[in-house]
Amino acid sequence: MFDRLIELISNWWNQILPITIIPHYQEAVLLRFGNFRSVLKPGLHWKIPFFDEVIDQHVVVTTLSLPAQSLYTKDRQNIVAKGVVKYKIADVKTFLLEVYDAKDALSDMTTSIIKQIITDLSLEDCLNSDIDNTLTKKVRVEAKKWGVEVQQVTLTDLAPIRSFRVISDSILNKLD
């Protein structure tokens, strides 16, 4: 409860101040009455109290871990794939104002591209080919639309897995 009170006072204080300071590792957008006004680079900036809102965002290189997904290759082999996306924000306006949840969208888009590529290859091709470069090129093109500059997509885990059938054919026949 005390934390909430301090947060409320801090937000109120930031609203009445006529200046805002953007650190060197961030960029921000300035909204006046909810409409885009400008992109703020690192430094000291003036704003009109109660009319202007500043939304800041880290723009330095960061990573996004992708969830493991179980996929079938072209030759019907079951494999598990997990990856990491290394990226930075190139266009803070697009990232903050034109995509609802850009990190979630980046994760979903990258996992779908991984699925597309792996399902078109055989198990041997998946293990021997240079999938990371192909993934990076495709993800880079899509992510650019959201103001994100993808530096590298790396598959951290790519291995065949065994799938076990829990219900045997004899049990299924008895149920019929």
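The values are calculated or read from the model by the stated rules, or taken from the named source; none is laboratory data. None of the values given here were measured: they were computed from a predicted structure. Note: ideal-geometry Cβ built from the backbone for every residue, glycine included; neighbour counts use all protein chains shown. Areas reflect the complete protein model, heavy atoms only, side chains present, ligands, DNA and RNA absent. Shrake-Rupley method; radii C 1.70, N 1.55, O 1.52, S 1.80 Å.
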Q | Carbon + sulfur, % of accessible area of region 1-110 - ligands and nucleic acids excluded, 1.4 Å | A | 57
Q | For semi-axes √(5λ) of the Cα gyration tensor in Å, calculated from these coordinates, the label among [x] 25, 18, 15; [y] 46, 21, 13; [z] 22, 18, 17 | A | [y]
Q: Determine the distance separating the Cα centre of region 102-125 from the Cα centre of region 126-148; give it in Å without decimals.
A: 9
Q: Provide the packing ranking of 5-11, 108-114, 65-71, i.e. peptides ordered by the mean count of other C-beta atoms within 10 Å per residue, highest first.
A: 108-114, 65-71, 5-11
Q: Over the chain, calculate the relative contact order: mean separation of alpha carbon pairs under 8 Å at least 6 apart, over the residue count, as a percent.
A: 20
Q. Hey, what do the phi angles of region 41-46 turn into as Karplus ³J(HN,Hα) couplings, whole Hz, using 6.51/-1.76/1.60 and θ = phi - 60°, x for Gly and Pro?
A. 8, x, x, 9, 9, 8
Q. In degrees between 0 and 90, to the nearest 10, how far off the longest principal axis of the chain does helix 2-16 point, with axes built from Cα atoms?
A. 60
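For a Förster distance of 25 Å, can you work out the FRET efficiency between the beta-carbons of W12 and K41, rounded to the nearest 0.05? Intermediate results must be reported in sequence, preceding the final value.
Details: r = 26 Å, r/R0 = 1.05.
Step by step, r from the Cβ atoms, then E = 0.45.
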Q) Using helices alone, what [θ] at 222 nm do you get for the chain, with -39,500 (n - 2.57) per DSSP H run of 4 or more residues, divided over all residues and rounded to the nearest 500? A) -11500 deg cm²/dmol
Q) Rounded to a whole number of µm²/s, how large is the Stokes-Einstein D of region 47-96 at 37 °C and 0.692 mPa s, given Rh as the Kirkwood radius over C-alpha pairs? A) 224
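Using a probe radius of 1.4 Å on heavy atoms only, what accessible surface per residue do you get for the chain? Whole Å² is fine. Walk me through the intermediate numbers first.
On the way: 11750 Å² over 176 residues.
Using a 1.4 Å probe on heavy atoms only, each residue of the chain averages 67 Å².
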**Q.** Whole-Hz couplings from phi, Karplus 6.51/-1.76/1.60, listed for region 88-97; x for Gly and Pro
**A.** 9, 7, 9, 10, 5, 5, 5, 4, 8, 10
Q: Please give the length that would be gained between R140 and L127 if that part of the chain were fully extended, namely 0.36 nm times their separation in residues minus their C-alpha to C-alpha distance (nm, one decimal).
A: 2.4 nm
Q: At a Cα cut-off below 26 Å, give the lysines reachable from K103, other chains included and same-chain residues fewer than 8 away excluded.
A: K41, K82, K86, K88, K93, K115, K137, K138, K144, K145
